[in-house]
Amino acid sequence: MGIEARCRETLKRFNLKPNKSLGQNFLINEPAVKSIIDAANLRGDDTVLEIGSGTGIVTRELAARVQHVIACEFDRGLMTALQDELKEFSNIRYIHADILSVDIKALIAAEKLKVVANLPYCITTPIITKLLEVKGIISLIILMVQQEVAARILSKPGTKEYGSFSIFVNYHSRVERVRHVSRGCFFPQPQVDSDILRLYPLGAPPVSVRDEVLFFQLSRAAFGQRRKTLRNALFTILGEKAGMILQGAGIDPSRRGETLSLEEFATLTNRF
């Protein structure tokens, strides 16, 4: 049975319908599933946290390849279906919860996790943020995200997609785009296309900053009102000396936040 037929049969058997409010769009394209599995570079002794296990299409492939799978699913009906569909596997631990409420550090004692996630579009940013905040216990993250989010993460200075979230993700990880996934690869079909991304959490960030809290405060403020010059956008943090501090960091105070690179934000932070 193909994965689309299996997905539909599971939903029908358990009398389930995709929940629009939870952003449920189930992946039913075999090449896309293969891309996720291949991107994860799975080994037999891996422990994989899967966020949004859905009808178990990807869960099944993971469980067949690794030592432990932690399947996190918020929908109670889908959790029931998952446990029945995958009862042949003894290496799956099921967590019925919102991943944002889960203590990820408590899931594993020694070895690092790999994470595979088909993220609901409505809470993509908070989930990525949560994962990168515990990056010390994660070796690799494979994400299916809305194409617009992928564009923000992969964007470069000077582009309209570039923003404080771009800064945050690229400070904490090295990001690769694995492949594009069209909207027709999902059931039900969403209104947007998606991308599969691979994130390698970094032990040390690509730039050196003396104060990470200030670094992110400055980047958020710089993008808070994109039409403002840096002198004006950063006034609430740097005060009347904003122009002088920017010049001391070799940055023209009349520039706008979206033109600054990760390195320039680091230089500005350290100068302050």
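Sorting 143-149, 91-97, 231-237 by average packing, meaning the other beta carbons within 10 Å per residue, from highest down gives 143-149, 231-237, 91-97. A crude spin-label estimate for the pair residue 109 and residue 83, with each label 7 Å from Cα along the Cβ direction, gives 2.4 nm.
With the helix formula -39500 (n - 2.57) applied to DSSP H stretches of n ≥ 4, the chain reaches a computed 222 nm mean residue ellipticity of -10500 deg cm²/dmol. Protection proxy ranking for 41-48, 251-258, using the average of other Cβ atoms within 10 Å per residue and placing the highest first: 251-258, 41-48. When the square roots of the Cα gyration tensor eigenvalues are ordered a ≥ b ≥ c, the ratio a/c for the stretch 3-201 is 1.5 or more and a/b does not exceed b/c, which makes its shape oblate.
Residue ranges 162-175, 201-214 sort as 162-175, 201-214 when ordered by packing (mean number of other C-beta atoms within 10 Å per residue, highest first). Here r is the Cβ-Cβ distance between residue 101 and residue 148 and R0 is 25 Å; the resulting FRET efficiency, rounded to 0.05, is 0.45. The stretch 195-272 and the stretch 88-151 have Cα centres spaced 28 Å apart. Antiparallel beta bridges, as assigned by DSSP with both residues in the chain, represent about 45 percent of the total such bridges. Neighbour counts of C-beta atoms inside 10 Å place 269, 129 in the sequence 129, 269, starting with the fewest. Classify the stretch 70-165 from the C-alpha gyration tensor, please: rounded if a/c falls under 1.5, else prolate or oblate depending on whether a/b exceeds b/c. It is prolate, given that a/c is not under 1.5 and a/b is the larger ratio. Give the shape of the stretch 212-271 as rounded, prolate or oblate, defined through the alpha-carbon gyration tensor: a ≥ b ≥ c are the square roots of its eigenvalues, a/c under 1.5 means rounded, and otherwise the shape is prolate if a/b is larger than b/c and oblate if not. It comes out rounded by the Cα gyration axes.
Given contacts defined as C-alpha pairs under 8 Å and at least six residues apart, what's the relative contact order of the chain, whole-number percent?
Reported relative contact order: 16 percent.
Just so you know, all these numbers are worked out from the coordinates, no wet-lab data involved. All values reported here derive from a predicted model rather than from experimental measurement. Note that we place each Cβ from the backbone using ideal geometry, even for glycine, and neighbour counts take in every protein chain shown.
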